[in-house]
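Comments concern the structure below.
Where a number appears in this text, it was derived from the coordinates with a stated rule and is not lab data. Values in this document were obtained by computation on a predicted structure and should not be read as measured data. Here the Cβ positions follow ideal geometry from the backbone for every residue, glycine too, while neighbour counts run over all protein chains shown.
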Amino acid sequence: METTIANGKTGRKLGVRSSKLGVEDRSQGKDGNVPKLRTSNSKLLTRFSEGGFTLIELLIVLVILSLLAALVGPALVERLKPAKRTVAQSQIEEFMAALDNFYVDSGRYPTNEEGLQALREKPPAAKSWKGPYLKKDVPDDPWGYPYVYRSPGRNGGYEIVSYGADGKEGGEGENADVTSWEANKK
C-alpha cells in the first residue's frame with residue numbers, strides 16, 4: 001500500500017503495535033480514510049469515552065468524604081466553642097460603649113426596666129436621649145439566650161452578663177459566664 005506524504009514523496013504506510021496504544025487497523029473507517037484504533041480491551045476505551053462515574057466509584061468517594069468529615073468535624077466544633085465566647089465578649093464591649101454614650105447624653109444609665117432596649121428606642125423617662133446608640137437591635141448571646149442587664153451592677157454603674165451555653169449563672173468551660181467587668185480588665 002503506497003501513500004503520498006505531504007512533501008510529495010511516496011512511502012509505505014506501516015501499522016504500529018503496542019499493548020498500551022492498540023493496533024492501527026489497516027481497514028478503512030466509515031469515511032473511507034481514517035483508520036480505526038482497537039485494543040485488546042475495547043471496553044476500556046468505551047468506558048472512558050462515555051464519561052460519568054459508576055455507582056461503585058461514587059460510593060467510594062462518599063466513604064472517603066464521610067471519613068474526612070468524621071475526623072475533621074469534631075476539631076471544628078471544638079474551635080467554635082471559644083469563638084462563641086469571644087463573640088459574647090465583643091458584643092458586651094459594644095453594649096458598654098453604647099451605654100457610656102447613653103450616660104453622657106442622659107446623665108444616667110438605663111434602669112433595669114428599660115434594659116438594653118433603651119439603646120435602640122427612647123425610654124419615656126429619658127429627657128435628652130440622642131440615640132439610637134446601637135446600629136441594630138439588641139441580639140441574643142451566641143448561645144441564643146438574652147443578655148442580662150442590671151443597673152446598678154455588682155461592680156459599678158451597670159453589669160451585662162451572658163450565662164454561657166447552659167443559660168444558668170455560674171459554670172465552667174463553655175458554660176462559664178461572660179461578664180462586662182471581665183471585659184473591663186482588658
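Arranged from highest to lowest average of other beta-carbon atoms within 10 Å per residue, in what order do the peptides 73-79, 174-180, 163-169 appear?
Ranked from most to least packed, the peptides come out as 174-180, 163-169, 73-79.
If R₀ is 25 angstrom, what is the calculated FRET efficiency for the pair TRP181 and GLN117, using the beta carbon separation as r and rounding to 0.05? Before the final figure, lay out each step's value.
Details: r = 22 Å, r/R0 = 0.87.
According to the calculation, E is roughly 0.70.
Quote to one decimal, in nm, the extra length available between SER90 and LEU62 on full extension: 0.36 nm per residue of separation minus the C-alpha distance between them.
Separation in residues times 0.36 nm, less the Cα-Cα distance, equals 6.2 nm.
Whole Å is fine, so just give me how far the alpha carbon centre of segment 131-160 lies from that of segment 70-90.
23
Among the listed pairs LYS130/LYS168; LYS81/LYS168; LYS84/LYS168; LYS84/LYS135, which are separated by more than 26 Å between their Cα atoms?
On the way: LYS130/LYS168 34 Å; LYS81/LYS168 17 Å; LYS84/LYS168 16 Å; LYS84/LYS135 21 Å.
Listed pairs above 26 Å: LYS130/LYS168.
Please list, in order, the residues from segment 155-185 whose amide nitrogen is less than 13 Å from a point placed 7 Å along the Cα→Cβ vector of ASP100.
183-185
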